[in-house]
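Report on the structure given below.
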Amino acid sequence: MNKPLISVIIPVYNVEAYLDRCISSVVNQSYRNLEIILVDDGSPDNCPKMCDDWAAEDERIKVIHKVNGGLSSARNVGIDCCSGDYIGFVDSDDWIDESMYEILYDLSVKYGVKLACAGRFDVNESGKFVVGLCPEITEVIDAEKMLSRIFTWNNCDSSVCDKLFHRDLWNDIRFPEGKVCEDVSVAYRLIALAEKIVLCNVPFYYYYHRKKSITTAKFSENVFHFAEHSKIILEYIKDNFPTVTEEAKYFNIKALTYAASRISLSDKMTRKNYHDKHKELLNEINTNKSFWRKSEFFNIKEKLRYELLSYPFLYRLIFK
């Protein structure tokens with residue numbers, strides 16, 4: 001009897017140097033009953049042709065060419081078009097171990113759950129890789145514990161790429177188009193729906209980090225999306241998983257301070273343009289000062305950094 005179909009959705013945009021490595025790792029999975037959906041998101045390089053060439057070589061590959069709409073848009077198109085009983089996601093500059101989907105599927109069936117989460121390697125541009133977030137043991141936990149873990153980056157996070165989902169979880173959930181940190185805005189809802197999650201203590205996913213810096217990355221409105229998501233999450237958690245409220249508040253503070261820091265470390269014109277937004281962020285951070293000063297979730301260095309955010313010149317002098 002054939003195993004269920006797993007749909008693997010790979011958004012593709014401007015990654016011709018990495019695309020073959022990514023697709024090869026999916027094509028060569030030990031779990032053979034795959035539908036591999038390459039969503040060409042209007043890529044301006046040679047990726048569209050590369051996708052078509054791959055489809056000509058493997059009948060399991062389907063290619064969708066679309067106008068550029070961003071990662072969320074590409075993933076949503078893939079979800080809408082897929083036929084699988086399970087869904088996985090791989091970003092096109094990353095790659096996966098050949099046994100990833102077989103093991104995650106087997107664990108899902110063994111424990112009767114709709115969501116399986118593995119670990120991952122972090123890989124730099126020189127090719128060096130180290131174990132990144134990875135569960136310490138293979139176990140089944142409930143949604144409450146999983147939410148606590150992703151909000152505190154406790155051996156797993158909101159990424160959809162190191163996970164395997166039952167198709168049912170996506171019936172009413174899609175990624176927010178026009179936003180970044182898109183995984184953050186859907187992971188907590190998927191976990192709540194799953195109710196129970198199996199964690200696998202093996203790093204199967206290779207997450208490739210391209211060089212970028214908080215001080216050199218171009219500033220955009222995208223910087224605020226993480227904070228926006230975290231506010232919505234905090235209210236949801238208060239209403240539905242109140243025992244995880246402190247973890248959700250920690251997540252929210254991390255998002256707020258990230259945005260405030262990005263403004264503080266930006267050029268003079270950016271700081272001027274976002275003066276009011278910076279003030280608003282600092283107000284939210286300082287309103288919760290009693291929480292982050294006392295909370296054991298934050299270390300001493302983080303607390304000191306948050307104190308210094310209220311002194312922009314000194315903050316830039318120290319952290320620029």
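The values are calculated or read from the model by the stated rules, or taken from the named source; none is laboratory data. This is a predicted model, so every value here is computed, not measured. Positions of Cβ are generated from backbone atoms using ideal geometry, with glycine treated the same way; all protein chains shown enter the neighbour counts. These accessible areas exclude ligands, DNA and RNA; they are computed on the full protein's heavy atoms, side chains included. Shrake-Rupley method; radii C 1.70, N 1.55, O 1.52, S 1.80 Å.
Past the 27 angstrom mark, what percentage of all C-alpha to C-alpha distances in segment 1-154 do you count?
I get 28 percent for the Cα pairs in segment 1-154 exceeding 27 Å.
Can you give the relative contact order of the chain as a percent, counting alpha carbon pairs under 8 Å and 6+ residues apart?
In percent, rounded to a whole number, it is 16.
If you count only protein heavy atoms with a 1.4 Å probe, what accessible area per residue comes out for segment 9-130, rounded to a whole Å²?
Heavy-atom accessible area per residue stands at 41 Å².
Compute the distance in nm between two label points, each set 7 Å from the Cα along the Cα-to-Cβ direction, one at ASN2 and one at ASN201.
About 3.6 nm separates the two model spin labels.
For every helix of n ≥ 4 consecutive DSSP H residues, a contribution of -39,500 (n - 2.57) applies; sum these over the chain, divide by its total residues, and give [θ] at 222 nm rounded to the nearest 500 deg cm²/dmol.
That comes out to -13500 deg cm²/dmol.
Leaving out ligands, DNA and RNA, and with a 1.4 Å probe, what % of the accessible surface on the chain is carbon or sulfur?
The value for the chain is 51 percent carbon and sulfur by accessible area.
Sort 173-185, 3-15, 51-63 for me by packing, meaning the mean count of neighbouring Cβ atoms within 10 Å per residue, highest on top. Could you put the intermediate results ahead of the total?
Values: 173-185: 18.7, 3-15: 21.7, 51-63: 15.4.
Descending mean neighbour count gives 3-15, 173-185, 51-63.
Between GLU98 and SER126, what's the calculated FRET efficiency when r is the beta-carbon distance and R0 is 30 Å? Round to 0.05.
Working: r = 23 Å, r/R0 = 0.78.
Once the sixth-power term is evaluated, E becomes 0.80.
So if I place +1 on the C-beta of Lys and Arg and -1 on the C-beta of Asp and Glu, and nothing else carries charge, what would the dipole magnitude of the chain be about its Cα centre? I want it in debye, nearest 20.
Using only the charged Cβ atoms, the result is roughly 1640 debye.
Show me 239-249, 39-49 ranked by packing, highest mean number of other Cβ atoms within 10 Å first.
The most tightly packed comes first, giving 39-49, 239-249.
List the residues whose amide H sits under 5 Å from the amide H of ASP162, counting only those 5 or more places along or on another chain, with H placed 1.01 Å from N in the peptide plane.
Under 5 Å from the amide H of ASP162 lies no amide H from a residue far enough along the sequence or on another chain.
Among (i) 622; (ii) 143; (iii) 490, find the value of volume of the Cα convex hull per residue in Å³ that was calculated from the structure presented, and write down its label.
(ii)
What does the charge dipole of segment 117-252 about its Cα centre add up to, to the nearest 20 debye, if the Cβ of each Lys and Arg holds +1 and the Cβ of each Asp and Glu holds -1?
480
Residues with beta-carbon under 11 Å from that of SER24, excluding SER24: net charge, scoring Lys, Arg +1 and Asp, Glu -1?
-3
Put +1 on the Cβ of every Lys and Arg and -1 on every Asp and Glu Cβ in the chain; which of VAL244, SER295, HIS229 then has its Cα farthest towards the positive end of the dipole?
It is SER295.
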